[in-house]
Amino acid sequence: MNSDIVTFGEIMLRLSPSNFKRFSQCNSFNVIFGGAEANVAASLSNFGLNANFVTKIPNNDIGDACIQFLKMHDINTEFISRGGERLGIYFLEKGTTVRGSKVIYDRSHSSISTAKLEDFNWDKIFEKAQWFHWTGITPALSQNVADITLQALKAAKNHNLTVSCDLNYRSKLWNYGKNSSEVMEELVKYCDLIVGNEEDFDKVFGIS
């Protein structure tokens, strides 16, 4: 059996109009759960690997539905922490022809953004793992999530895991008094593999 791969981050409820309608044209939304790190776990599971997704979601019916969605993609949800106020939401208006897509976030005070260090037992989570993947979205949520990410990275290296990071810079985040470079420069010290596009490296590290 393959060793586990662990991803960590926020999963949100995505609401989008059907048939490329605009927000002002629709009276219902298509519903799906998604997030960068959960999407990676789903892709890895499709390739037959043992994927674990770690996050914190509310202990309510929406959280239960999210768990069921992940399990449908054969993602291990054993280490998901439950609690907090709410699941983050984002609204996606899909673009068409010359009209670009539009995203509106409603993620303040989400369960993961208010999570605490003690919500995750990283030694237990990494017990059977060989790889840990995270993205720059996660520490951009709040200072406490940045602290949790650092805690996870230190534990991952103590367990001799390979660590990868997708910089995934989001200009609408990083609004809790820290800029991306002062946080990310410390976190990426623990990485074996870093991926990103030109904008990511420019905005995060000033590398043009």
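In nm, what is the difference between 0.36 nm times the number of residues separating residue 97 and residue 198 and their Cα-Cα distance?
Full extension of this stretch gives 33.9 nm more.
For 182, 37, 118, give the ranking by accessible area with the largest first, probe 1.4 Å.
118, 182, 37
For region 1-46, just the Cα set please: Rg and Dmax, both in angstrom.
Radius of gyration, then largest Cα-Cα span, for region 1-46: 15.1, 50 Å.
Once both labels are modelled 7 Å past Cα along the beta-carbon direction, what's the residue 182-residue 128 spacing in nm?
4.2
What does the convex hull of the Cα atoms of the chain come to per residue, in Å³, rounded to a whole number? Please list the in-between numbers first.
On the way: hull volume 28.2 nm³, N = 208.
Dividing the Cα hull volume of the chain by its residue count gives 136 Å³.
Using a Cα-Cα cut-off of under 20 Å, which lysines could be cross-linked to residue 21, ignoring same-chain neighbours fewer than 8 residues away?
Qualifying lysines at Cα under 20 Å: 94, 102.
Please arrange 134, 174 by accessible surface area, largest first, computed with a 1.4 Å probe and ligands excluded. The partial results should precede the final answer.
Values: 134 0, 174 35 Å².
Result, largest first: 174, 134.
So what is the orientation-averaged projected area of region 1-116, using the convex hull of its C-alpha atoms, in nm²?
8.4
Under a straight-distance cross-link criterion of Cα-Cα below 24 Å, which lysines are reachable from residue 56, leaving out those fewer than 8 residues away in the same chain?
71, 116, 124, 128, 154, 157, 172, 178
When only the heavy atoms of the protein chains count and the probe is 1.4 Å, how do 122, 131 rank by accessible area, highest first?
These residues rank, largest area first, as 131, 122.
At a 1.4 Å probe radius, carbon and sulfur cover how many percent of the accessible area of the chain?
The value for the chain is 47 percent carbon and sulfur by accessible area.
Let me know the Rg and Dmax you get for region 66-117 when you use only its Cα atoms, in Å.
Radius of gyration, then largest Cα-Cα span, for region 66-117: 15.1, 45 Å.
State the dimensionless ratio Rg/Rh of region 152-193 (Rg: radius of gyration of Cα atoms; Rh: Kirkwood radius).
Rg/Rh: 1.03.
The values are calculated or read from the model by the stated rules, or taken from the named source; none is laboratory data. Everything numeric here is computed off the predicted structure, so don't read it as measured data. Note that we place each Cβ from the backbone using ideal geometry, even for glycine, and neighbour counts take in every protein chain shown. Surface areas here come from the heavy atoms of the whole protein model, side chains and all, with no ligands, DNA or RNA. Shrake-Rupley method; radii C 1.70, N 1.55, O 1.52, S 1.80 Å.
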